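Beneath this line is the structure, given in structure tokens, with notes to follow.
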Amino acid sequence: MKVIFHIAYVALANAMRLVMLGFFIAGGSPVTAADAEIRFANEDRLTGSLESMAVDHLMWNSPALEKAAPFQLSKIVELRLPGNPAPGPADCELVLDLSNGDVARGKLATVNERAVVLDTAFGGRMEFNRAMIAAARIEATSEVLYRGPTGMDGWRQSGEKEVWSYERTAFRSMGVGGIGRDDLLPEACSVSFNVEWKGDSCGMKIFIFSNDAGADATDIGYELMIQRGSYRLRKCATQNFLGSGNSQLLMVANKARFEIRASQLTGTICLLINERLCEVWTDPDFKKNEFGSGLQFFSMSDQAQKVSDIRVGKWDGVVEGVPEGRGGIALRVPGGWDPAKGAATTDAARDGMRLANGDFVSGELVAVDDGMVTVKSGLGEVKLPVDRLRTLSLKALNSERAIRRNGDIRLYTKSGSRLVMRLEAVEQGRLIGSSQNFGQAPIVMDAVERIEFNIYDQALEPMRTKSDW
């Protein structure tokens with residue numbers, strides 16, 4: 001078996017210390033939720049806790065070490081810092097997609113000619129260069145009902161044998177069986193989650209609106225089956241399929257983010273994979289249905305699978321955008337997609353803002369003040385609350401991309417942001433870094449869940465993209 005840290009990095013005091021290597025042998029004792037982990041460039045790993053960090057090395061504590069030891073950042077692929085997800089803003093948050101692939105989330109403070117200003121949970125008030133922004137959207141967060149997992153409390157497993165375990169803010173399966181929770185879903189809900197799998201394909205069923213989240217089968221609600229690069233939606237009461245489709249991503253990757261938006265009020269079910277709308281289905285007999293409020297993940301494979309970053313919120317019923325592939329039944333739904341016409345009901349080419357109810361306001365953003373957006377339209381200035389918007393129209397600028405620099409790292413925050421910056425200093429529990437996207441900013445270490453190093457070394461990409469078990 002492979003030792004999961006490089007023995008050259010440490011000096012053990014005596015022969016008794018060698019026994020402790022068993023804690024880090026592949027297939028040995030599981031890592032607890034409180035443990036952090038370093039992954040090295042030679043594919044070794046070392047669990048423990050971070051004592052301190054500088055711009056070129058970090059100090060690491062581990063039961064296998066006599067005392068805290070230094071490790072050069074040039075030898076490290078990533079550092080994982082487990083912890084519970086951070087709560088979002090009280091009402092809504094602006095999500096900025098930047099031209100280099102970064103994603104920044106925060107509360108919109110103001111907009112000026114050169115920058116969009118956000119109040120963030122990880123870096124305080126930050127100014128993002130408008131020339132670096134590819135898109136801006138607003139997500140309602142005031143109605144988020146659940147985010148986790150943070151443990152097994154409230155979740156039930158199906159069958160006599162428990163095949164699911166909780167570890168480091170994720171559920172992990174080692175066999176066929178389900179894990180679910182009752183009284184979780186509202187009548188119109190958005191359920192998003194990450195799935196990672198070993199082997200050549202995902203084998204997962206997700207039940208929504210079920211009435212017994214701890215059962216192996218249900219005749220209430222809907223079943224989404226994901227298997228071998230394809231997906232199928234079935235109505236549990238009749239076992240009839242409402243539609244199916246294929247995803248090239250699922251055929252070549254071993255992880256993806258899924259989102260299911262479903263409404264008992266309209267019979268509409270949407271599937272998104274990696275934030276791209278894939279399908280819009282409608283149950284023609286939804287009014288005859290009996291619905292529960294349960295959610296269940298059911299592993300159909302003996303190979304290991306992991307479910308993480310589960311978020312449940314209310315859905316306004318508006319379908320935004322055009323499905324990229326429609327292998328199933330799709331009928332007219334409220335908002336942005338009309339399958340009968342095969343076109344979007346809103347004109348994305350116009351300058352303006354899309355509202356939460358699907359309406360569109362033409363015009364140019366003028367100002368943001370105290371949660372209100374002023375839009376200059378043909379009918380004069382219109383003031384709208386930020387939480388009623390779903391897109392934020394910014395005057396077109398020449399799109400630029402932040403340059404790559406030596407010392408760049410990539411941060412993943414607990415609130416869902418992803419940022420590349422050059423690490424310049426570490427002081428008082430903060431990472432001081434800079435980027436053309438936002439200038440210089442202090443990032444609170446407690447808000448970070450993962451840091452990637454040597455991010456431009458292509459030889460390390462396979463390690464970054466494969467599942468971490």
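Within the stretch 414-455, the set of residues being among the polar types (S, T, N, Q) and within 16 Å of Leu50 (Cβ to Cβ) comprises just one member, Gln428. Considering the stretch 384-414 alone, what residues qualify as being of a type in the set (Gly, Ala, Ser) and surrounded by fewer than 19 Cβ atoms within 10 Å (Cβ to Cβ)? If the condition is that a residue be of a type in the set (Gly, Ala, Ser) and surrounded by fewer than 19 Cβ atoms within 10 Å (Cβ to Cβ), then Ala396, Ser399, Gly407 are the ones that fit. Scanning the stretch 238-248 for residues that are modelled with pLDDT of 90 or more and buried (at least 17 other Cβ atoms within 10 Å of the Cβ) yields Leu242, Gly243, Gly245. Close contacts from the stretch 155-171, counting a first residue that is in contact (Cβ under 8 Å) with a residue 12 or more places away in the chain and a second that is surrounded by 14 or more Cβ atoms within 10 Å (Cβ to Cβ) and of a type in the set (S, T, N, Q), with Cβ to Cβ under 6 Å and a gap of 6+ residues or different chains, come to Val163/Ser173; Trp164/Gln157; Trp164/Ser173; Ala170/Ser308.
Select from the stretch 397-412 the residues that are outside any strand (DSSP E or B) and in contact with an Asp or Glu (Cβ under 9 Å, 6 or more places away or on another chain) and write down the one among them that is nearest to Leu365 (Cα to Cα). Among those that are outside any strand (DSSP E or B) and in contact with an Asp or Glu (Cβ under 9 Å, 6 or more places away or on another chain), it is Ala402. Scanning the stretch 144-199 for residues that are of a type in the set (Ser, Thr, Tyr) and either touching a Lys or Arg at 6+ places or on another chain (Cβ under 6 Å) or within 26 Å of Ser263 (Cα to Cα) (or both) yields Tyr146, Ser158, Ser165, Ser190, Ser192.
Name the residue that is modelled with the lowest pLDDT, counting only residues in the stretch 32-68 that are β-branched (Val, Ile, Thr) and surrounded by 18 or more Cβ atoms within 10 Å (Cβ to Cβ).
The extreme case among them is Thr47.
The C-beta contact set for the stretch 49-77 (first residue closer than 21 Å to Val444 by Cβ, second residue part of a loop (DSSP other than H, G, I, E, B) and acidic (Asp, Glu), distance under 8 angstrom, 6+ apart or interchain) comprises Ser49/Asp35; Leu73/Asp56. The selection criterion, being farther than 30 Å from Arg388 by Cβ and either touching a His at 6+ places or on another chain (Cβ under 8 Å) or not in a strand (DSSP E or B) (or both), holds for Asp153. Just one of the listed residues (Ile179, Ile208) is touching a strand residue (DSSP E or B) at 6+ places or on another chain (Cβ under 8 Å) and either within 16 Å of Gln305 (Cβ to Cβ) or not in a strand (DSSP E or B) (or both), namely Ile179. Filtering the stretch 121-141 to residues that are assigned to a loop (DSSP other than H, G, I, E, B) and either at pLDDT 85 or above or touching a helix residue (DSSP H, G or I) at 6+ places or on another chain (Cβ under 7 Å) (or both) leaves Ala121, Phe122, Gly123. The set of residues in the stretch 426-438 that are out of contact with any helix residue (DSSP H, G or I) (no Cβ under 9 Å at 6 or more places or on another chain) and surrounded by fewer than 14 Cβ atoms within 10 Å (Cβ to Cβ) comprises Glu427, Gln428. Based on this model, can you work out whether Tyr231 counts as under 14 Å from Val191 (Cβ atoms) and either among the aromatic types (Phe, Trp, Tyr) or without any contact (Cβ under 8 Å) to a residue 24 or more places away in the chain (or both)? When the stated conditions are applied, Tyr231 does not pass them.
The values are calculated or read from the model by the stated rules, or taken from the named source; none is laboratory data. None of the values given here were measured: they were computed from a predicted structure. Ideal geometry is used to build each Cβ from the backbone, glycine not excepted, and the neighbour counts take in all protein chains shown.
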